[in-house]
């Protein structure tokens, strides 16, 4: 976290290193939440502008990562309030928590590259179909590989609550993809 | 450990989020219980599927340059930002209130000093005036005249007191 310390003092080179180390991860976190690469890029820029301006307020340098994701999350929710993103809402899940969205049956197509693309679609639709509350903790845990403690800090909830939501999200995802696990 | 507890903690176990001792318990249960082993294997496979098949988006080339252009010198944190830091706001508010209080006390103290000086001067003025009145009625005596002259001299030192001529200056008295 030497870069954080130097960037705090206004060293633009260190801030660039922080950007290079974290921007892609922040971008993908936002992308998973807003479902638009263009908006995700825009919000990533906003996030890092804020990070640069507010870096001096960061008390503990080793908590930079959850702090950064918390800023990104704030921008996501600001955007949510302004305009809900294009996604499957909680209301569109059936009684078992299954999304109404039809997932293509990739097992019928033998072409491997096509299968790969379709699997990506399946995963994407599955993540997008998760209720917002579960999706953010799932993305932060399963894709961004952040610890439960860091996720709790980012979303501002207790550790047991985050643990429960991650567990439920994992079960929901498994339910959605179970037909493709042997592909 | 029973299967229900094992199922509850399975995700945390998979993510390495439980204590080493609990991990050992979980592992031994999964090794011994085919149902939990199957449950764990399917969770693991689903996690791997997501990890291996989710799409990443990449930053557009030159994104850093765009950001760099936005965070010019004008947006660099300034020393005055310290005063805007939320966690320091109560401290700053208290410091400002303290300064205002100190200034108020200082002003009040100065006002009180002026008041004391004025009261002291007025008391002395009244005392002298009463003495003069008394002496005026005794000007026929030598002692009275002397006192009156003495008081006149005192009055001359006071810029607020208009000193009138003594009876000796009155030509009609001759």
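The values are calculated or read from the model by the stated rules, or taken from the named source; none is laboratory data. Computed from a predicted structure; not experimentally measured. All Cβ positions, glycine included, derive from the backbone under ideal geometry; neighbour counts span all protein chains shown.
For first residues located in the range B:10-37 and touching a residue at least 24 places away in the same chain (Cβ under 8 Å), partners that are surrounded by 15 or more Cβ atoms within 10 Å (Cβ to Cβ) and part of a loop (DSSP other than H, G, I, E, B) and lie 6+ apart or on another chain with Cβ distances below 6 Å form the pairs B:25/B:1; B:29/B:1. From the list A:157, A:175, the lone residue that is out of contact with any helix residue (DSSP H, G or I) (no Cβ under 6 Å at 6 or more places or on another chain), outside any helix (DSSP H, G or I) and at pLDDT 75 or above is A:157. Of all residues in the range B:16-37, those being within 12 Å of another protein chain (Cβ to nearest Cβ) and surrounded by 11 or more Cβ atoms within 10 Å (Cβ to Cβ) number 2. Among the residues of this structure, residue B:135 counts as one that is touching a helix residue (DSSP H, G or I) at 6+ places or on another chain (Cβ under 7 Å), modelled with pLDDT of 65 or more and on the phi < 0 side of the Ramachandran plot.
As a summary of the residue check, residue A:50 satisfies the conditions (1) surrounded by 21 or more Cβ atoms within 10 Å (Cβ to Cβ); (2) within 13 Å of chain B (Cβ to nearest Cβ) except for the one numbered (1).
Scanning the range A:14-33 for residues that are more than 17 Å from residue A:146 (Cβ to Cβ) and within 11 Å of chain B (Cβ to nearest Cβ) yields a count of 5.
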